[in-house]
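In what follows, a structure is listed as structure tokens, so that the remarks can point back to it.
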Amino acid sequence: MRSLNVLVLEDNAFQLMALHKMLNAIQVFNVLTADSVEVAQQALANRGGVDIAICDLQMDGQDGLDMIRFLAKYRLARALIILSGTDQSILDGAAHFARSQGILVLGSLCKPMSLEALCQLLETYQNLVAQDAQSLPLKQISQRFSLEELHQLAPGQRISDAGMFEQWVAYYQPKVSLEGQLAGVEALVRWQHPIHGLMSPGQFMGAVESAGLIEPLTWRMLELALTLSSRVLRERGERLPVSVNIPPSMIERDDFARQVLALLGRFGLPANVLTLEIVENPSLQTTAAHLEGLLRLRMQGCHLSIDDFGTGASNIQRLLQLPFSELKIPAEFVRGIGDNGRKASVVAGALFMAQKMALSVVVEGVETACDYRALQELGGLTVQGYFIARPMSEVDLLCWIEERTNLGGLVKAV
Ligand code: C2E
Ligand code: MG
Ligand code: MG
């Protein structure tokens with residue numbers, strides 16, 4: 001912790017001193033303290049950005065929200081801890097406000113502050129950022145490209161369409177049971193670009209969608225994921241379930257279900273190794289064609305997952321209309337669940353509903369041991385997230401599986 005730079009903004013002199021002492025006690029000596037937003041802004045302007053800003057919310061004059069806006073605008077903190085004695089709903093709202101502006105929120109510290117809670121939040125920071133400082137710039141902004149920019153190699157030199165398809169690669173993120181058994185992997189697209197390097201979907205999916213290339217991309221991902229699953233079956237004699245993200249518009253195609261089944265047949269795989277993850281789209285009505293396609297896939301044994309359940313159009317109404325077999329709870333309902341009773345209630349409620357409907361539940365975005373333990377207490381679900389493993393290439397995944405098998409199939413001990 002010695003090298004961390006921390007800003008503490010707190011207008012109560014006693015609390016400010018107490019927090020400063022706690023930080024020193026855990027070997028954090030680079031601490032900027034400020035008793036008002038103006039003083040904090042001046043200090044950052046003079047000394048530059050910090051790793052973590054710990055900000056009180058309620059202050060006379062400019063308040064914590066002004067500070068969060070300032071930190072986001074000038075990218076002056078890698079991460080934020082919110083300090084407050086206020087309602088949990090206000091803390092959650094403030095965290096959402098900060099995240100919506102690209103700030104990494106580690107969690108909140110309730111007053112009176114405990115050294116243990118502070119240590120846990122700093123540990124979360126070390127795990128998330130310090131290991132991976134290159135990929136987490138001060139503000140989590142990733143450059144978005146147009147398809148034209150992505151096609152350019154050099155002036156006058158373009159990547160061919162065939163070349164572009166080859167550069168779309170699958171990364172795989174494990175899903176594990178609470179007992180630590182591998183339950184399957186989700187295929188997530190990356191663009192291995194000769195100029196821009198390895199790009200994540202946020203940087204290019206918009207361009208791919210507007211160019212009408214989402215279907216070829218999806219077929220490529222299906223092929224890659226099934227290639228992996230059949231390889232594991234051939235080489236290890238084990239069934240590896242794979243999940244692929246499918247845009248809902250594709251389900252409407254008359255022949256989509258038949259083509260998926262033909263592809264499974266070509267790889268000699270049973271339909272139940274494949275889960276299609278669908279993020280519902282508010283602009284799409286449930287048509288008879290949509291329902292027919294989904295029913296056919298389910299009847300043949302594929303699993304259907306409602307991705308990012310509880311956000312946008314991935315809602316209870318859709319769950320009742322369509323034949324889903326899995327429900328995925330997104331990271332935003334889970335991050336910080338370990339010390340947020342409201343989030344725990346949301347996840348427990350979704351879990352209860354899913355069990356009654358005989359749906360399986362996957363919780364995404366599990367980043368910390370504390371959140372993992374809170375989910376263990378709820379039981380009956382599968383987890384996916386950086387705490388278990390980040391998305392990785394096929395080669396890395398096969399090594400990962402090999403190492404776990406040597407450990408008796410278990411993931412990290414927690
Ligand atoms: P998704 O399907 O909900 O995938 C989960 C996203 O959360 C992935 O981001 C994954 O890397 C990220 N993630 C997993 N664990 C954690 C964690 O512990 N913490 C945090 N902060 N993030 C975590 P990714 O790969 O950037 O994908 C983003 C979205 O792009 C996906 O959300 C999905 O909607 C879309 N996408 C990805 N691959 C494909 C694809 O092949 N086809 C289509 N149509 N969409 C895709
Ligand atoms: Mg997904
Ligand atoms: Mg999701």
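The values are calculated or read from the model by the stated rules, or taken from the named source; none is laboratory data. Predicted model, so just to flag it, every value in this text is computed and none were measured. All Cβ positions, even for glycine, are placed from backbone atoms using ideal geometry, and neighbour counts span all protein chains on display. What goes into the accessible areas is simple: the full protein's heavy atoms, side chains included, and nothing from ligands, DNA or RNA. Shrake-Rupley method; radii C 1.70, N 1.55, O 1.52, S 1.80 Å.
See the values below:
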{"item": "The stretch 350-365 - phi-based ³J(HN,Hα) in whole Hz, Karplus 6.51/-1.76/1.60, Gly and Pro as x", "result": "5, 5, 4, 4, 4, 4, 5, 9, 6, 9, 8, 10, 10, 9, 9, x"}
{"item": "Spacing of the two label points (7 Å from each Cα toward its C-beta) at Ala288 and Ala45, in nm", "result": "6.7 nm"}
{"item": "For the stretch 224-239, 3J(HN,Hα) per residue [Karplus equation, 6.51 cos²θ - 1.76 cosθ + 1.60, θ = phi - 60°, Hz, x = Gly/Pro]", "result": "5, 5, 6, 4, 4, 4, 6, 5, 5, 5, 5, 7, 10, x, 10, 8"}
{"item": "Heavy-atom accessible area order for Glu186, Glu166, largest first, 1.4 Å probe", "result": "Glu166, Glu186"}
{"item": "J(HN,Hα) series, the stretch 9-21, from Karplus relation 6.51 cos²θ - 1.76 cosθ + 1.60, nearest Hz, glycine and proline x", "result": "10, 7, 8, 8, 4, 5, 5, 4, 5, 4, 5, 4, 5"}
{"item": "Apportionment of accessible area to carbon and sulfur, the chain, percent (1.4 Å)", "result": "52 percent"}
{"item": "Nearest 10 degrees, 0 to 90: helix 369-378 Cα axis against the chain principal axis", "result": "60 degrees"}
{"item": "Violating pairs (Cα-Cα greater than 27 angstrom) within the set Lys21/Lys111; Lys21/Lys343; Lys175/Lys343; Lys73/Lys175", "result": "Lys21/Lys343; Lys73/Lys175"}
{"item": "Efficiency of FRET from Cβ geometry, Thr311 and Lys21, R₀ 51 Å, rounded to 0.05", "result": "0.80"}
{"item": "Cβ-based charge dipole, the chain, positive-most Cα from Gln157, Pro174, Ser89", "result": "Pro174"}
{"item": "Computed E for Arg342/Gln192 - FRET, C-beta separation, R0 51 angstrom, nearest 0.05", "result": "0.80"}
{"item": "Between 0 and 90°, nearest 10: helix 37-47 axis offset from the chain longest Cα axis", "result": "80 degrees"}
{"item": "In Å², nearest 10: area of Thr405 left accessible to a 1.4 Å probe", "result": "60 Å²"}
{"item": "Between 0 and 90°, nearest 10: helix 256-267 axis offset from the chain longest Cα axis", "result": "80 degrees"}
{"item": "Solvent-free Debye scattering, log10 I(q)/I(0), computed from the Cα coordinates of the chain at q = 0.07, 0.09, 0.11 Å⁻¹", "result": "-0.39, -0.64, -0.92"}
{"item": "Other-chain or far-sequence residues with amide H under 5 Å of Arg158's (modelled H)", "result": "Leu153"}
{"item": "Amide H contacts of Glu280 (H built 1.01 Å from N, under 5 Å, at least 5 apart or other chain)", "result": "Asp307, Ser314"}
{"item": "Per residue solvent-accessible surface (Å²) - the stretch 149-273, probe of 1.4 Å", "result": "44 Å²"}
{"item": "Mean ellipticity per residue at 222 nm, deg cm²/dmol - from DSSP H runs of n ≥ 4 across the chain, formula -39500 (n - 2.57)", "result": "-13500 deg cm²/dmol"}
{"item": "Under-5 Å amide H pairs with Gly385, H placed in peptide plane, nonlocal only", "result": "Gly365, Val366"}
